[in-house]
Amino acid sequence: MTKQQVIKTDVAIIGAGPVGLFAAFQCGMAGLKCHIIDPLDAPGGQCIALYPEKPIYDIPGYPKIMATDLIEKLTQQAAPFAPQYHMGHMASGLEKLTDGGWQLTTSKEAIFNVGAVIIAAGVGAFEPKCPPLDGLEKYERMGPGAGINYFVKNIDAYTNKNVVIAGGGDSAVDWALALVDVAKSVSLVHRRDRFRAHEASLTTLHEFADSGKINLVVPYQLTGLLGDKTALHAVQVEDFDNKTQDLDADVLLAFYGLSQKLGPIADWGLGIENRRIETDPTTAQTNQPGLFAIGDVAVYPHKQRLILTGFSEAAFAAEAARHHIHPKVPLKFQHSTTKGLPAND
Ligand SMILES: Cc1cc2nc3c(=O)[nH]c(=O)nc-3n(C[C@H](O)[C@H](O)[C@H](O)COP(=O)(O)OP(=O)(O)OC[C@H]3O[C@@H](n4cnc5c(N)ncnc54)[C@H](O)[C@@H]3O)c2cc1C
């Protein structure tokens, strides 16, 4: 996307977590078009990044629903209103426009001129935790299947590659298993000899290790990377007796978990209390007209950080955004049963 392209729309929603997704539905019901921005490569926020396979028991109407299924249903629910997703974009800059709207820019230089912004940024943008090694930057720029990767976006990028995976959780184990039939070699490095992963995955892991399909390198930790400007060649590891190994590697997949940072949003002049944005709970309005905050990122007295609380805040924010953008158009409240959805639904 070039810097000159400006996307004009009613609402920009920052964050594609459960609350941002439901805000897209509520904006649609309020007659507003919206674009959703999130640095992750798929919608879902904490539900997908932290607990995709956990059941949630307190979503109204669902006695039990897996986090991943909830996100699927929220995405489907918003779909009739055709929200536009900008995944891989972090909202970075915000400036007030003279017409009462806002100009939002992203880490990939997309520019949005919008009537209102709904911030549903949770506890901040997820960022992968990096291994504690020097000189990572050049390897981080080498792209999928080369240097260092923190996510697998396209498994084909690892075809016939020497892959070293570092980490001890589900992601490390699951990707080691998934890459066995794709990569030239798979080494799995962990500083303990036990992994925190599903029993069934661990059974398969040990079968693959016994048959030589996976090189299990435990308990070892990463100590260095060997390569040049264009490619990674090997990952150096060391055990607790200072025994070292160089593992052939075209790519290191590092799964050390995710950290969350409020990042640039903290510099937008909003009222911030303990890394959360102060709002009026009856409108989700922040201290700036046309800027709303909902979900985990919003704070007010007695706030409960629950998905269902965020859903209610999304309804308040959508209506308040509609009023901000079209102040002269009176609210004509209709239940969804009366109003229905756009064509074909
Ligand atoms: C293990 C676990 C179990 C839980 N169980 C339950 C439960 O049973 N019931 C329940 O109600 N709640 C539960 N929660 C809490 C629930 O997941 C959160 O309340 C919910 O995810 C909040 O939704 P959200 O959309 O506000 O934020 P998030 O889910 O955090 O999503 C925020 C999104 O905003 C994005 N973002 C952040 N900064 C930016 C930026 N600058 N630009 C663009 N995008 C940005 C992030 O990448 C993220 O995708 C649980 C949480 C955890 C960790």
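The values are calculated or read from the model by the stated rules, or taken from the named source; none is laboratory data. Here the structure is a predicted model, which is why all the values come from computation and not from measurement. FYI the Cβ positions are ideal-geometry reconstructions off the backbone, even for glycines, and counts take in every protein chain you see. The accessibility values were calculated without ligands, DNA or RNA, using every heavy atom of the protein model including side chains. Shrake-Rupley method; radii C 1.70, N 1.55, O 1.52, S 1.80 Å.
Can you name every residue in segment 43-77 that is in contact (Cβ under 8 Å) with a residue 24 or more places away in the chain and closer than 24 Å to residue 153 by Cα?
Residues of segment 43-77 in contact (Cβ under 8 Å) with a residue 24 or more places away in the chain: 43-47, 49-50, 56, 58-60, 68, 70-71, 74-75, 77.
Residues satisfying the conditions are 43, 44, 45, 46, 47, 49, 50, 68, 70, 71, 74, 75.
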In segment 184-218, anything out of contact with any strand residue (DSSP E or B) (no Cβ under 7 Å at 6 or more places or on another chain) and outside any loop (DSSP other than H, G, I, E, B) is listed as 199, 200, 201, 202, 203, 204, 205, 206, 207, 208, 210
What's the total number of residues in segment 1-48 that are hydrophobic (A, V, I, L, M, F, W, C) and not in a helix (DSSP H, G or I)? 15
Can you run down the residue pairs with Cβ atoms below 8 Å, 6 or more apart or on separate chains, where the first is in segment 10-24 and over 12 Å from residue 38 (Cα atoms) and in contact (Cβ under 8 Å) with a residue 24 or more places away in the chain and the partner is small (Gly, Ala, Ser) and assigned to a strand (DSSP E or B)? 10/115; 10/116; 11/115; 11/116
Give the residues of segment 108-134 that are touching a Pro at 6+ places or on another chain (Cβ under 7 Å) and not in a strand (DSSP E or B), sorted by residue number. none
Which of the residues that make up segment 20-46 are within 14 Å of residue 117 (Cα to Cα) and within 7 Å of the ligand (Cβ to nearest atom)? 20, 37, 38
If a residue must be under 26 Å from the mean Cα position of the chain (by Cα) and not polar (S, T, N, Q), how many such residues does segment 183-218 contain? 7
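Which residues, taken from segment 74-92, are within 25 Å of residue 320 (Cα to Cα) and open to solvent by 20 Å² or more (accessible area, probe 1.4 Å)?
First, pick out the residues of segment 74-92 that are within 25 Å of residue 320 (Cα to Cα): 74-86, 90-92.
Result: 75, 76, 77, 79, 80, 81, 82, 84, 85, 86, 90, 92.
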Checklist (1) at pLDDT 95 or above; (2) open to solvent by 30 Å² or more (accessible area, probe 1.4 Å); (3) within 12 Å of the ligand (Cβ to nearest atom) applied to residue 315, failing item: (3)
Selection from segment 291-312 of residues surrounded by fewer than 24 Cβ atoms within 10 Å (Cβ to Cβ) and either assigned to a loop (DSSP other than H, G, I, E, B) or not assigned by TED's automatic domain parsing to the domain that holds residue 10 (or both) yields 300, 301, 302, 303, 304, 305, 306
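Does residue 176 satisfy the criteria of being part of a helix (DSSP H, G or I), of a type outside the set (D, E, K, R), loosely packed, with under 13 Cβ neighbours inside 10 Å and under 28 Å from the mean Cα position of the chain (by Cα)?
Numbers: part of a helix (DSSP H, G or I): yes; of a type outside the set (D, E, K, R): yes; loosely packed, with under 13 Cβ neighbours inside 10 Å: no; under 28 Å from the mean Cα position of the chain (by Cα): yes.
Here the answer is no, as residue 176 does not meet what is asked.
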I'd like to check something: does segment 79-90 contain any residue that is more than 20 Å from the chain's Cα centre (by Cα) and among the hydroxyl-bearing types (Ser, Thr, Tyr)? no
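Quickly run through segment 61-84 and pick out the residues that are of a type outside the set (S, T, N, Q) and touching a His at 6+ places or on another chain (Cβ under 8 Å).
Narrowing segment 61-84 to residues of a type outside the set (S, T, N, Q): 61-67, 69-74, 78-83.
Once the filter is applied, which keeps residues that are of a type outside the set (S, T, N, Q) and touching a His at 6+ places or on another chain (Cβ under 8 Å), segment 61-84 yields only 83.
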If residue 1 satisfies all but one of (1) aliphatic (A, V, I, L, M); (2) at pLDDT below 95; (3) farther than 15 Å from residue 122 by Cα; (4) within 11 Å of the ligand (Cβ to nearest atom), what's the number of the condition it fails? (4)
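Against the definition (touching a Phe, Trp or Tyr at 6+ places or on another chain (Cβ under 9 Å), open to solvent by 60 Å² or more (accessible area, probe 1.4 Å) and not charged (D, E, K, R)), how does residue 341 come out, yes or no? Can you show your working first?
Details: touching a Phe, Trp or Tyr at 6+ places or on another chain (Cβ under 9 Å): yes; open to solvent by 60 Å² or more (accessible area, probe 1.4 Å): yes; not charged (D, E, K, R): yes.
Answer is yes for this residue.
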